[in-house]
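Okay, structure first, notes after.
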Amino acid sequence: MSLVPYLHRVAAGADLTSAEAHGAMTLLLEGGTHDAAVGAFLLALRVKGETACELAGFARAMREHMVTVDAGPGVSDPARSGVPGGTFPQPVRWVSAGKESYLPDIFAMLIKPGVDYADARNWPPMRKKTMSGYEKKRLFHNQHGEIFKDEAPREGMDSIRDGRGIAVADFDNDGRLDLFVSNVGTEPYLYHNVGPRNAHWSQFVLEGVKSNRSAVGAQVRLTAGGRTYLRFVNGGNGMASQSTMRVHFGLGESKEIGKVDIRWPSGDTQTLTGISTDRIYKVVEGESEAREFVAKARK
């Protein structure tokens, strides 16, 4: 089960029934991370009457019993007040309730009657507090399509700053995607990809004519090395962030591209041939040929 259906109903303005609210609270308890706080807050917006009181009690219990734990099996110190059934499922893992955490402030607001959550002026000041617990960041690397491995420590990317947004883009136009990470209350990080240049790639900048100018929603299929890869022009892909709208293909050892098929948002299609690897191309909807996109890298 997932909280998603409940939160979708909340977002649509629907009131939750008592049974639905109890089910959602159970899922919140099983979550064990600070997502529980966010879910509890959202659910409280559309829960009324006795169930709302129970949810407030649940929030109060969480606020009083949050503890700092390392990643691992968790803790088994159940809160026994204001929670349906009287106990938390075990094991549970809550985030820090120390003075650096913003979550207790949210809980205090949540259980206070008559607060208009839609008015940002009613929210407690965040200052230098955090909602993420200053957790180390992770970078998961695809291991040949079989498993993901955290490579953040090896790459020097396991920062404990309070990261909020991330944008992926080829900032220096060398075919290697870089990362830009924004941090709350301090400088951002730009992680420059300086990995080996032993893999081939291809990038496309699409411009719509009948479609929207940014070509958001366009599908690009590239055939190389006996495989066909699918990418989309994505109009939004991160919290408080926007990654590049270029379409990027990592091609590994493939040195030649068979063809590129584009389905534009208008429904029109076109096929490109004679495309070289390790290049950036601009494609305008309706034009028969792609032009090499010249973008000067800044050192």
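The values are calculated or read from the model by the stated rules, or taken from the named source; none is laboratory data. Since the model is a prediction, treat every value here as computed from it, not as a measurement. Counting neighbours? That spans all protein chains shown, and the Cβs are built from the backbone with ideal geometry, glycine included. Each accessible area value is taken on the protein alone, full model and side chains, heavy atoms only, with ligands, DNA and RNA left out. Shrake-Rupley method; radii C 1.70, N 1.55, O 1.52, S 1.80 Å.
Each residue in the range 238-259 was checked for being without any contact (Cβ under 8 Å) to a residue 60 or more places away in the chain, open to solvent by 60 Å² or more (accessible area, probe 1.4 Å) and in a loop (DSSP other than H, G, I, E, B), and 3 of them qualify.
For the range 209-237, filtering for residues that are assigned to a loop (DSSP other than H, G, I, E, B) and either open to solvent by 20 Å² or more (accessible area, probe 1.4 Å) or aliphatic (A, V, I, L, M) (or both) leaves 16.
Give the residue that is nearest to R246 (Cα to Cα), with candidates limited to residues of the range 142-189 that are touching a Pro at 6+ places or on another chain (Cβ under 8 Å) and open to solvent by less than 50 Å² (accessible area, probe 1.4 Å). Taking the candidates together, the pick is V181.
Checked against the criterion of being under 22 Å from the mean Cα position of the chain (by Cα) and among the small types (G, A, S), the candidates S211, S241 yield just one match: S241.
Contact annotation: residue pairs with Cβ atoms under 6 Å, 6 or more positions apart or on different chains, pairing a residue in the range 180-197 that is in contact (Cβ under 8 Å) with a residue 40 or more places away in the chain with a partner that is assigned to a loop (DSSP other than H, G, I, E, B) and basic (K, R), are G185/K128.
Looking at (1) farther than 24 Å from L179 by Cα; (2) surrounded by 15 or more Cβ atoms within 10 Å (Cβ to Cβ), can you tell me which one T271 breaks? All conditions pass for T271, except number (2).
I'm checking my understanding of the structure. Among residues of the range 116-133 that are at pLDDT below 80 and loosely packed, with under 14 Cβ neighbours inside 10 Å, which one is nearest to E100 (Cα to Cα)? Break it down into steps so the answer makes sense when it comes.
Our first condition is that a residue be at pLDDT below 80; within the range 116-133, this holds for 117-118, 126-133.
In the following step, the residues that additionally are loosely packed, with under 14 Cβ neighbours inside 10 Å were identified as 118, 127-128.
On the way: A118: 24, R127: 10, K128: 7 Å.
Looking at residues that are at pLDDT below 80 and loosely packed, with under 14 Cβ neighbours inside 10 Å, I get K128.
Evaluated against (1) open to solvent by 60 Å² or more (accessible area, probe 1.4 Å); (2) in contact (Cβ under 8 Å) with a residue 40 or more places away in the chain, L206 falls short on exactly one condition, (1). Restricting the first member to the range 210-225 and to residues that are closer than 29 Å to K255 by Cα, and the second to residues that are among the charged types (D, E, K, R) and in a strand (DSSP E or B), the beta-carbon pairs closer than 6 Å and six or more apart or on different chains are Q219/R263; V220/R231; R221/D261; T223/K259.
Out of Y229, Y191, report the one residue that is under 30 Å from K137 (Cα atoms), in contact with a helix residue (DSSP H, G or I) (Cβ under 9 Å, 6 or more places away or on another chain) and hydroxyl-bearing (S, T, Y). That would be Y191, the only listed residue that is under 30 Å from K137 (Cα atoms), in contact with a helix residue (DSSP H, G or I) (Cβ under 9 Å, 6 or more places away or on another chain) and hydroxyl-bearing (S, T, Y).
Quickly run through the range 260-296 and pick out the residues that are farther than 25 Å from N198 by Cα, touching a residue at least 40 places away in the same chain (Cβ under 8 Å) and among the hydroxyl-bearing types (S, T, Y). S266 - this is the single residue of the range 260-296 that is farther than 25 Å from N198 by Cα, touching a residue at least 40 places away in the same chain (Cβ under 8 Å) and among the hydroxyl-bearing types (S, T, Y).
For A152, the test of being at pLDDT 85 or above and under 30 Å from H192 (Cα atoms) is passed.
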